[in-house]
1. Does region 519-535 contain at least one residue that is closer than 20 Å to T127 by Cβ and crowded, with 19+ Cβ neighbours inside 10 Å?
2. With the requirement that a residue be crowded, with 19+ Cβ neighbours inside 10 Å and either among the hydroxyl-bearing types (S, T, Y) or in contact (Cβ under 8 Å) with a residue 60 or more places away in the chain (or both), what does region 58-84 give you?
3. Can you give me the number of residues within region 299-311 that are surrounded by 16 or more Cβ atoms within 10 Å (Cβ to Cβ) and touching a Ser or Thr at 6+ places or on another chain (Cβ under 7 Å)?
4. Any chance you could count how many residues in region 281-293 are crowded, with 20+ Cβ neighbours inside 10 Å and either in a helix (DSSP H, G or I) or without any contact (Cβ under 8 Å) to a residue 12 or more places away in the chain (or both)?
5. Looking at region 162-176 only, could you name the residues that are over 26 Å from the mean Cα position of the chain (by Cα) and either closer than 19 Å to K90 by Cα or among the aliphatic types (A, V, I, L, M) (or both)?
6. Select, from R184, R162, R139, R174, the only residue that is surrounded by fewer than 22 Cβ atoms within 10 Å (Cβ to Cβ), of a type in the set (K, R) and within 29 Å of P450 (Cβ to Cβ).
7. In this structure, is T123 over 26 Å from N38 (Cα atoms) and among the β-branched types (V, I, T)?
8. Quick check, is A55 in contact with a Ser or Thr (Cβ under 9 Å, 6 or more places away or on another chain), crowded, with 16+ Cβ neighbours inside 10 Å and not in a strand (DSSP E or B)?
Amino acid sequence: MSASATAFLEARDFLLRHREDYDAAYRGFRWPKLDRFNWALEHFDVLAAGNPQPALWIVNEGGAEQKLSFAELKERTDRVANHLRELGVKRGDRILLMLGNVVPLWECMLAAMKLGAVIVPATTLLTRNDLADRFARGRVRHVVVGADNAGKFAELPGDYTRLAVGGAAPGWRRYEDAYGAPARFTPEGETRADDPMLLYFTSGTTAKPKLVLHSHQSYPVGHLSTMYWLGLEPGDVHLNISSPGWAKHAWSCFFAPWNAGATVFMLNQPRFDARALLDTIARCGVTTFCAPPTVWRMLIQQDLAAWKVRLKQLIGAGEPLNPEVIERVRAAWGLTIRDGYGQTETTAQIGNSPGQPVKPGAMGRPLPGYRVALLDADGKVAEEGEICLLLDPRPTGLMQGYQADDGVIVPLPGPAYRTGDVALRDADGYFTYVGRADDVFKASDYRISPFELESALIEHAAVAEAAVVPSPDPMRLAVPKAFIVLAPGRTPDRDTALSIFRHLRDSLAPFKRVRRLEFAELPKTISGKIRRVELRRAEAAQRGDNRRGPLEFWEEDFPELR
């Protein structure tokens, strides 16, 4: 075992030993110092050698399932890595990975890491314009996609490798041919710990998503903090409700469980079914479960006590849960849902770790390896301020930086990394989330950039101006709502609203769609800037009174769109 692998395991084992002793873990943990390190080769493969324990367990609605041991997954991954190499994948090449929760997703992640290629995760919800942007700025050279989504690439010409999973697609190679490649993989050269490994596209305050670059150190090693927050141990069966293509999926469905030697468990449901989910959790012996608030709110509609579960840890992610949900789950199962905080740019930074008091509404305390401060606009410490990570020393779980359009990595300025999120800190060191420093918000656990949605809206001939804000929703937490000023001569009626909704369906991925719109004047500053803060307050008050504006329309009111 290499010195880097030994240092990684020592850091991991320290956290496992102190998994319920926050003070000792936070005080004594140090990120391992690594020079050359390839997590897939030096941790996963070592863990997998002769290991019959399940590494990946996927259950599909209807009963079909796949369960692969660590040893089996290692062999399949070696074959895939050899096959990708034969097809021309080289160290540093960018691979767009657009798959659902199918075994090849995990195989390709591990295989790309072994080759030193850079993974560009992509949700299957992306539109043609989204994909074109990822190709251009992400410098994609290879694509692995489900055969049912291969058609989305028809208008993206170019000399890139095309691999289709799960069926034939004209012009695409069969991914399944990889299983005939040699079973023994030999790496070409060493992997430096700071070599690039993952390139994520994340929403920002501009029309284009930001490009977040992570290394072979920042994500695999950085997710030791996530492992600690989730409370994972060897032998656990961990289920996380998250879609591939998003950072949380890599957090909790890849790195954190396998850091601990736990099983990654997935349930595929074309349409969410709370009872089927609970049946599966009980039948398959899931021990740790992480889900966004939307899922927890649907689960408590069931008689949770009727399910005899083996759960040990419950985690909420994305947004704070209200006390009622937490209490109802505690009453049924005797377990407390623990919240936490992190970003695509980082691993888990703040969390309610196992065995510690959980304060209602608080997202916890800084996790081992992170020094967190709340700073005001002048960089001074404040009781309420922007969540910032101190960079001396720099936390391992922080990204390498944002990649600019020209491919250059933009260094982080100053002595702290500013997250853009605002929080409060109490006397016990617990942080409570307040909101975004800018206008980005979350809907059903997806980050939404108002500017991007507004850009799509004004492409419609009837729209002169638009402003998008979150509209409170009991199930999704929030949905995007647009306040629209119409172009001269346009009528603010049902037909116009329907036309705009149809336009948005063609322009935006489903998770980004505006679900409500209202024709109204926009409040502005003296310089002409839209005051979204006023719109947010007005919308919150309107929803609180359970009333609609006089010219407000909701997507759900239009049967033509179903």
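1. No, the conditions are met nowhere in region 519-535.
2. I58, V59, R76, T77, D78, R79, V80, A81, N82, H83, L84, listed by residue number.
3. Number satisfying all stated conditions: 1.
4. Looking only at that region, the number is 2.
5. Selection gives A168, A169, R173.
6. The match here is R139.
7. In short, no.
8. no
The values are calculated or read from the model by the stated rules, or taken from the named source; none is laboratory data. No experiment lies behind these values; they were computed from the predicted model shown. No Cβ is skipped: glycine too gets one built from the backbone with ideal geometry, and neighbour counts run over all protein chains shown.
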